[in-house]
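These notes are about the structure you will find just below.
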Amino acid sequence: MSESPERVTTEDVEHVASLARVDLDESEAEAFPDQFADILDYFAALDEVPETESEPELVNVMRADETREGLTQEAALSNAPESEAGYFVGPRVS
Amino acid sequence: MARAAERTGLEPVIGLEVHVQLDTETKVFCGCSTDGDADEEPNTRTCPVCLGLPGALPVLNEAAVAAAVKVGKALNAEIPAETQFHRKNYYYPDLPKNFQITQYDAPLCSDGVLEFSHEGDRRSVRIRRAHLEEDPGSIQHVRDGPADLEARTTSVDRADYTLVDYNRAGTPLMEIVTEPDFREPAAVRGFLEKLEEVLAYLGVFDAGSDGSLRVDANLSMVESEHVADDGTIPEEVLADANRTEVKNISSHRGAETALSYEASRQRDQIEAGREVEQETRHYNETHGNTVSMRAKEEEKDYRYFPEADLPPLRVADWKEKIDIPELPDARRERFRTEYGLGAEAASKLTSRKAVADFYEQVAAEFDPDLAATWVADNLLGELNYRDREIESVTDRLDEFARLIELVATDEVTTKNAEETVLRTMLDEGVDPDTVVEREGLGKAAGEEVATAVTDAVENNPDAVADYHDGEDGALNFLVGQVMQATGGSADPGTVNELLRAELDS
């Protein structure tokens, strides 16, 4: 577990950016691999920590099927950058 | 799997992913109501959880889990000791959190089976897995412009932007994935009908709700020579065949149309020497065809990881406590043995739970055969003709029982009961006695008829003499007299017989 993790490539960055619908220009896409490498090296220190078995503290947390008051349409839309006729406005999709 | 297909050429291989909305009061991870109607205002059934607002935490709805366990039991699936939720990451406006809470490598149900009948044959389709997840919101594609919103609503490729409604977001969905066990598009329809029947019997599904059943289907073509008589196909042949995923199927009929189209499209490609491209295609219900969609994420692109906000679910502890009712197949067999019904009547009466319940209540009071005729043939036939469901009369059980009683006790003729009383009851919502009285359909009581017959013979010596002289019209004249005396309520056939008996004695 101590060897350095596989390096993130420029292609990886571009692929993930496209999945996340994030526009990166070329210089950004080229700058990220070094930054990711630094971050991953930093966290590689965690590989030295011995693994411990731990039981989850909680299981089967559920609620009864009872209706609760939600938000009004106005409140729901209040954080939206744009809305129309009660809808959130989103980008066109392909 | 008996097949009549020819041994040469190409055959479709089909697998399904069926999404069904579970009929709970509230959403799967929050207390928002799932009870929406078609013309409700958008974004009026939301809260921080289903809007994906920062810091909001999901809490699992116990009723959704119970419903999913019922489905698993009905499909004879394995329900593991422990199951958990995962996040499926993708970016689309219908997903406010940019991930969907679903299940990945530990689904609630696996390795099940569903039997159904297709063209008189028993078929069996293996269920690979069935898991619980949240429904995304709904999207409308819109063009810019000054016109009304409705006029600017368009298709995905022509739109300038989207409008998003999160009322549906978070509705509990069960995704049921089959093995690629279908060899004909038409059989898919039979499977979906049976699945809906079972879900309705379980009381976990409301077929009437819009978008309550959505289907994605995988289809590839294989050479018939690779298909064994029992329908099995070697793994490597299946792995080799390029397949497409057809999305946006929302009805049983749509499934058959979409897959028939897709099968012939692929057959044409292969026969023209071209390779079928592995892609996602969109079913266009208006045109009955499928069109290529944008390149979809591959499975690894979804970067599934465990949903840390939801602790694991140990269903083993309480799955035994969740009972399921008698299912359609078992009930059909019981109707045959318990009530002595034929195969056709038994399946007609059990395909919908509400019909079966109605029948059993009627059969408890009357001859099961008579009850079967009245419910399966007369009532369902008349309802079908009126495009109505059994639910429109289930609260009038007493009235239908009374109608059958009137026939069983010979107070109304079968013909009048079928053609007048039942139809008027359905069309006007009145009870059978009212119809009988208003239309004067009550069969005159036996004694009244007997008296009228004796009177007719005594008061018409000329006609009696004519009858004995062999004059045809005489008997008809006497029948007419009796009918008149009983106000038309006597059964003409009975009167005829009684008169002959009286005259010939």
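The values are calculated or read from the model by the stated rules, or taken from the named source; none is laboratory data. Because the structure is predicted, anything quoted here is derived from the model rather than measured. Positions of Cβ are generated from backbone atoms using ideal geometry, with glycine treated the same way; all protein chains shown enter the neighbour counts. These accessible areas exclude ligands, DNA and RNA; they are computed on the full protein's heavy atoms, side chains included. Shrake-Rupley method; radii C 1.70, N 1.55, O 1.52, S 1.80 Å.
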Here the range B:7-214 gives, from Cα atoms, an Rg and Dmax in Å of 18.8, 60
The rounded separation in angstrom of the Cα centers of the range B:162-235 and the range A:1-71 is 34 Å
Here the relative contact order (percent) of the range B:446-504, from C-alpha pairs under 8 Å and at least 6 apart, is 42 percent
In whole percent, the fraction of accessible protein surface over chain A that belongs to carbon or sulfur atoms, probe radius 1.4 Å, stands at 50 percent
Given 25 °C, 0.890 mPa s and a Kirkwood radius over Cα pairs, the Stokes-Einstein diffusion coefficient of the range B:193-256 in µm²/s is 171 µm²/s
Counting every C-alpha pair in chain A, the percent lying more than 18 Å apart is 73 percent
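If I take every Cα pair under 8 Å that is 6 or more residues apart in chain B, average their sequence separation and divide by the length, what percent do I get for the relative contact order?
Once divided by the residue count of chain B, the mean separation gives 15 percent.
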For chain B, longest principal axis from Cα atoms; helix B:62-74 axis from its Cα atoms; angle between them, nearest 10 degrees, is 70 degrees
Interface call, the range A:32-71: threshold 40 Å², probe 1.4 Å, accessible heavy-atom surface of protein chains, chain by itself vs complex, result A:VAL59, A:ASN60, A:VAL61, A:MET62, A:ARG63, A:ASP65, A:THR67, A:LEU71
So the angle from the long Cα axis of helix B:446-459 to the longest Cα principal axis of chain B, reported in degrees to the nearest 10, equals 40 degrees
Violations at 19 Å Cα threshold for listed pairs B:LYS88/B:LYS321; B:LYS194/B:LYS353; B:LYS27/B:LYS247; B:LYS73/B:LYS194; B:LYS88/B:LYS300; B:LYS27/B:LYS300 -> B:LYS88/B:LYS321; B:LYS27/B:LYS247; B:LYS27/B:LYS300
Length-normalised contact order of the range B:7-214, Cα under 8 Å, at least 6 apart, in percent, tallies to 30 percent
What helix-only [θ] at 222 nm does chain B give? Using -39500 (n - 2.57) per DSSP H run of at least 4, over all residues, to the nearest 500, the answer is -10500 deg cm²/dmol
Taking the convex hull of the alpha-carbon atoms of the range B:144-257 and averaging its shadow over every direction gives an area in square nanometres of 10.6 nm²
Taking every residue of B:41-51, the Cβ atoms of other protein chains inside 10 Å of its Cβ average out to 6
Stokes-Einstein, Kirkwood over Cα pairs, the range B:57-157, 20 °C, 1.002 mPa s; D in µm²/s equals 127 µm²/s
Mean Cβ-within-10 Å packing, highest first, puts peptides B:457-468, B:198-209, B:64-75 in the order B:64-75, B:198-209, B:457-468
Percent of all alpha-carbon pairs of the range B:260-370 at distances over 22 Å, whole number, is 67 percent
With no solvent term and unit scatterers on the alpha-carbon positions of the protein assembly as shown, Debye gives log₁₀ I(q)/I(0) at q = 0.06, 0.10, 0.11, 0.12 Å⁻¹ of -0.48, -1.04, -1.19, -1.34
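Considering only protein heavy atoms, with the full assembly of protein chains and a 1.4 angstrom probe, order B:TRP374, B:TRP318 by accessible area, largest first. Could the numbers behind the result be given before it?
On the way: B:TRP374 10, B:TRP318 40 Å².
Sorted descending by solvent-accessible area, the residues read B:TRP318, B:TRP374.
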Taking N as the residue count of the range B:379-505, its alpha carbon Rg divided by 2.2 N^0.38 Å gives 1.34
Taking Cα atoms only, helix B:328-339 is inclined relative to the longest principal axis of chain B by an angle, in degrees rounded to 10, of 20 degrees
Rounded to the nearest whole number, the per residue volume of the convex hull around the C-alpha atoms of the range B:198-305 in Å³ is 180 Å³
Rounded to whole angstroms and listed largest first, the alpha-carbon spread of the range B:333-425 along its three principal axes comes to 33, 30, 21
Distribution output for chain B: share of Cα-Cα pairs per 10 Å bin in percent, first bin at 0, values 3, 15, 20, 20, 16, 9, 6, 6, 3, 1, 0
On the accessible surface of chain B, probed at 1.4 Å with all protein chains in place, carbon and sulfur together account for a percent value of 44 percent
Treating only Lys and Arg (+1) and Asp and Glu (-1) as charged, each at its beta carbon, one finds that the protein assembly as shown has a dipole about its Cα centre, in Debye to the nearest 20, of 640 debye
Between chains A and B, total accessible area buried, probe 1.4 Å, no ligands or nucleic acids, nearest 100 Å², roughly 3600 Å²
Cα extents of the range B:1-124 per principal axis, largest first, Å, are 59, 36, 28
Dipole check, chain B, charges on Cβ (K,R +1; D,E -1), about Cα centroid: among B:GLN84, B:PRO325, B:PHE116 the Cα furthest to the positive pole belongs to B:GLN84
Asserting the computed 222 nm helical MRE of chain A (DSSP H runs at least 4 long, -39500 (n - 2.57) per run, divided by residue count, to nearest 500) equals -10500 deg cm²/dmol
At q = 0.13, 0.18, 0.23 Å⁻¹, the log10 of I(q)/I(0) for the range B:446-504 from a Debye sum over equal Cα scatterers comes to -0.26, -0.50, -0.82
